[in-house]
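The block underneath contains the structure these notes are about, expressed in structure tokens.
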Amino acid sequence: MTVLILNGPNLGRLGVREPDVYGTATYDDLVELCTKTGAELGLGVEVRQTDDEAEMIGWLHAAADAGSAVVLNAGAWTHTSVAVRDAASQLTAPLVEVHLSNIHAREPFRHTSYLSDIAAAVVMGMGTEGYAAALRFLALDGRA
Ligand code: DQA
């Protein structure tokens, strides 16, 4: 089963976007890390990014219908979007919420996540390595 790694707004600008907060790895580096880690774990992975909330919701609906596990960095939608939460709630396979930064060590408006209580696991503050950790978690005991 292919694991979907879904990234929300502004994450396509990794590497140039606030590197002091999000690191210097680019979005292409992230795709490479996820693809390599997936191959090591025997998991197919598909990495996507969108700045369009409707597109993200459509991807989550398709993942729900396919029974796919999802690694989700919803970016700012994490803190704002009941619609993304409602779409993610329909998943039947595990959801792992990922953030490059430690959202609890940042501004108060980032401390609330609409996703954490429906996620099987939450990874934050590890930079792009958090995505590899999420994939390792999903590979354990055949979760994905
Ligand atoms: C983020 C944290 C969010 O607060 C922010 O809006 C992002 C990225 C992270 O990966 O650390 O876009 O999800």
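Only one of (1) more than 16 Å from the ligand (Cβ to nearest atom); (2) touching a Cys at 6+ places or on another chain (Cβ under 9 Å); (3) within 19 Å of Asn10 (Cα to Cα) fails for Ile57. Which number is that?
(2)
I need the full set of residues from the stretch 15-29 which are within 15 Å of the ligand (Cβ to nearest atom) and without any contact (Cβ under 8 Å) to a residue 24 or more places away in the chain, in order please.
Those that are within 15 Å of the ligand (Cβ to nearest atom) and without any contact (Cβ under 8 Å) to a residue 24 or more places away in the chain: Gly15, Val16, Arg17, Glu18, Pro19, Asp20, Thr24, Thr26, Tyr27.
Suppose the filter is within 16 Å of the ligand (Cβ to nearest atom) and among the acidic types (Asp, Glu); does Glu32 pass it?
Spelling it out, it is not the case that Glu32 is within 16 Å of the ligand (Cβ to nearest atom) and among the acidic types (Asp, Glu).
Based on this model, can you work out whether Ala62 counts as among the small types (Gly, Ala, Ser) and either in contact with an Asp or Glu (Cβ under 8 Å, 6 or more places away or on another chain) or buried (at least 21 other Cβ atoms within 10 Å of the Cβ) (or both)?
no
Find the residue count for the stretch 126-143, including only residues that are touching a strand residue (DSSP E or B) at 6+ places or on another chain (Cβ under 7 Å) and at positive phi.
The qualifying residues number 0.
If you go through the stretch 91-111 one residue at a time, how many are of a type outside the set (Gly, Ala, Ser), more than 10 Å from the ligand (Cβ to nearest atom) and either within 26 Å of Lys36 (Cα to Cα) or in a loop (DSSP other than H, G, I, E, B) (or both)?
Of the residues in that region, 5 qualify.
For the stretch 61-86, give me the residue count where each residue is assigned to a helix (DSSP H, G or I) and within 15 Å of the ligand (Cβ to nearest atom).
6
For the stretch 120-142, what are the residues that are assigned to a loop (DSSP other than H, G, I, E, B) and under 20 Å from Leu11 (Cα atoms)?
Gly125, Met126, Gly127, Thr128, listed by residue number.
Against the definition (surrounded by 15 or more Cβ atoms within 10 Å (Cβ to Cβ) and in contact with a Cys (Cβ under 8 Å, 6 or more places away or on another chain)), how does Val47 come out, yes or no? Steps first, please.
Details: surrounded by 15 or more Cβ atoms within 10 Å (Cβ to Cβ): yes; in contact with a Cys (Cβ under 8 Å, 6 or more places away or on another chain): yes.
Judged against the criteria, Val47 is a match.
Please specify each residue of the stretch 1-11 satisfying the condition of being surrounded by fewer than 19 Cβ atoms within 10 Å (Cβ to Cβ) and either within 12 Å of the ligand (Cβ to nearest atom) or modelled with pLDDT of 95 or more (or both).
At the first step, the residues of the stretch 1-11 found to be surrounded by fewer than 19 Cβ atoms within 10 Å (Cβ to Cβ) are 1-2, 9-10.
Matches in the stretch 1-11: Pro9, Asn10.
Give the residues of the stretch 115-128 that are in contact (Cβ under 8 Å) with a residue 60 or more places away in the chain and out of contact with any Ser or Thr (no Cβ under 9 Å at 6 or more places or on another chain), sorted by residue number.
Result: Thr128, single match.
The values are calculated or read from the model by the stated rules, or taken from the named source; none is laboratory data. Quick caveat: nothing in here was measured; it's all calculated off a predicted structure. As a convention, Cβ positions derive from the backbone with ideal geometry for all residues, glycine included, and neighbour counts pool all protein chains shown.
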